[in-house]
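The values are calculated or read from the model by the stated rules, or taken from the named source; none is laboratory data. Everything quoted here is computed from the prediction, not taken from an experiment. Positions of Cβ are backbone-derived with ideal geometry, glycine not excepted, and every protein chain shown enters the neighbour counts. Just so you know, the surface numbers come from the protein's heavy atoms only, side chains and all, with ligands and any DNA or RNA stripped out. Shrake-Rupley method; radii C 1.70, N 1.55, O 1.52, S 1.80 Å.
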Amino acid sequence: MPKGRALGFGTRAVHTGEEPDFSSFGDVNAPIHLSSTFARRETGKPTAGLEYSRTGNPTRLALEKRLASLEGADHALAFSSGMAAETTLLMSVLSKGDHVVAENDLYGGTVRLFERTLAKFGVSFTYVDSRRPEAVEGALKRNTRVVWLESPTNPLMHVCDLRKICAIGSSAGAVTVVDNTFASPFLQNPLELGATVVAHSTTKFIGGHSDVIGGALMTSDSRLYESVKFNQNAIGAVPSPFDCYLLLRGSKTLHLRMKRHSENAAAVAEFLFRHPRFSAVHYPGLKSHPERALAMRQMRMPGGMLSAEMKGGIKEVERFLSRLRLFSVAESLGGVESLVEHPATMTHASLPKERRESLGIGDGLVRFSVGVEDAEDLIADLRAALR
Ligand SMILES: *Cc1c(COP(=O)(O)O)cnc(C)c1O
């Protein structure tokens, strides 16, 4: 790799972690190292520092190097899922009696982990609308150890001021975590905005092809990294070498895909905004989005995700979704193919109805993960399904 000047995102996405290894065959791709264990010549000296693949595997190390570079972090750790990454992080930083302040429109699985799993260990949670930084500040307690943010949020696409909130969290001594899955490292780098840790479900945009489940954490805090790395091995929720290969492969085109996702999502958002069957469209790139200026400051582009409110309720939504041909009705997001889902009955069905409605996730809300197909075809599909 050329030294001396910072390489651009696309160059790092293609090369970092996969420099050809001339001591073996000069592979341009990191080989899939399918060894659970590594032989050594002397008992006290692991070969190349590797002992056992839960602790460290060459394909995983290549992926971790790539992922660190994409978020501008000193360190990255890869996990078997986004939830495994979150669990390992929280088990590393929280103790009994600690308190967490979290955005209230979080990924449903994160709320489930907080409420159903971690609450049992004596950790408490306060949820706030982090579009108001003073609400985050007001929720901090003496025992607040973590501030957990997402921006843009799922599914309402709220955008919060990461720089301001991370400063508030850090000055209270909390670890600030940003789940950056919706934006991807190409669109937003929370560590630059003051976050302690970035979490990703690599299942989504980083993998990009809906063919692998994975997660990652990135940080430049070396002490935190050492303690999470200890637990990556102690807990053991690590990705397989084949999954690491898929993520290395997918991440090479992240910058290209994100540009196309953003262009297509902008076209879909404009179309739905003008369509009489929708009463609102939530997309940070639309002029009508209340935090558009903030989104443009902290993100490179508005991204591939949006949601929209359909008039007429659940029957209308069901008919619309069943008539789409290019958009598949499915959970998840971030793949090359366009997906659509109904949060009230799918991704957010585990939230109690009152909580869902108080957040603004009504029966008419539809969420889109806009893929990299041709925008004209996607819009023709939407138009036909709405006719
Ligand atoms: C999917 C997702 C997760 C969980 O990741 P998995 O890979 O499914 O375990 C966490 N946060 C966000 C924002 C997600 O979209």
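Values for this structure:
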quantity: Dipole moment magnitude, nearest 20 debye, region 45-191 about Cα centre, only Lys, Arg, Asp, Glu C-beta charged; calculated: 420 debye
quantity: Sequence-distant aspartates and glutamates (8 or more away, or on other chains) whose Cα lies within less than 16 Å of Lys96; calculated: Glu115
quantity: Square roots of 5 times each gyration tensor eigenvalue, C-alpha, region 49-125, largest first, Å; calculated: 28, 15, 11
quantity: Exceeding the 31 Å Cα-Cα cut-off - candidates Lys45/Lys204; Lys120/Lys259; Lys120/Lys252; Lys120/Lys204; calculated: Lys45/Lys204; Lys120/Lys259; Lys120/Lys252
quantity: Relative contact order of the chain, defined on C-alpha pairs under 8 angstrom at six or more residues apart (%); calculated: 17 percent
quantity: Å² of accessible area per residue within the chain, as computed with a 1.4 Å probe and no ligands counted; calculated: 44 Å²
quantity: Low-density loop cleavage sites - chymotrypsin sites (Phe, Trp or Tyr not before Pro) in region 18-112, where at most 15 other Cβ are within 10 Å (DSSP); calculated: Phe22, Phe25
quantity: Two-site FRET efficiency, Lys311 against Phe242, from Cβ-Cβ distance with R₀ of 56 Å, rounded to 0.05; calculated: 0.75
quantity: Expected-Rg normalisation [2.2 N^0.38 Å, Cα atoms] applied to region 1-80; calculated: 1.22
quantity: Cα-derived Rg to Rh of region 92-178, Kirkwood definition; calculated: 0.94
quantity: Region 321-369: trypsin sites (Lys or Arg not before Pro) in DSSP coil with no more than 11 other Cβ atoms inside 10 Å; calculated: Arg325
quantity: Extension gain from Asn104 to His209, taking 0.36 nm per residue of separation minus the Cα-Cα distance; calculated: 34.9 nm
quantity: Kirkwood-Stokes translational diffusion coefficient of the chain, alpha-carbon pairs, 10 °C, 1.306 mPa s, µm²/s; calculated: 73 µm²/s
quantity: log10 of Debye I(q)/I(0), alpha-carbon scatterers only, for region 38-187 at 0.10, 0.16, 0.17, 0.21 Å⁻¹; calculated: -0.43, -0.93, -1.01, -1.37
quantity: At R0 = 45 Å, FRET efficiency that the Cβ-Cβ distance of Arg54 and Thr345 yields, to 0.05; calculated: 0.75
quantity: Value at 222 nm in deg cm²/dmol, rounded to 500, when DSSP H runs of n ≥ 4 in the chain each add -39,500 (n - 2.57); calculated: -10500 deg cm²/dmol
quantity: Leu156-Ser23 FRET efficiency (beta carbon distance; Förster radius 56 Å; 0.05 resolution); calculated: 0.65
quantity: Cα-based reach from Lys311 at 28 Å (exclusive), listing lysines while leaving out same-chain residues under 8 positions away; calculated: Lys287, Lys353
quantity: Loop-located trypsin sites (Lys or Arg not before Pro) in region 48-153, at most 16 other Cβ atoms within 10 Å (DSSP); calculated: Arg54, Lys96, Lys141, Arg142
quantity: Whole-number D in µm² s⁻¹ for region 254-386, Kirkwood Cα-pair radius fed into Stokes-Einstein, 10 °C, 1.306 mPa s; calculated: 106 µm²/s
quantity: Overall Cα dimensions of region 169-281, principal axis frame, Å, largest first; calculated: 54, 41, 22
quantity: ³J(HN,Hα), Karplus 6.51/-1.76/1.60, whole Hz, each residue of region 63-70, x for Gly, Pro; calculated: 4, 5, 5, 4, 5, 4, 5, 5
quantity: Accessible carbon and sulfur surface of the chain relative to its total accessible area, %, 1.4 Å; calculated: 53 percent
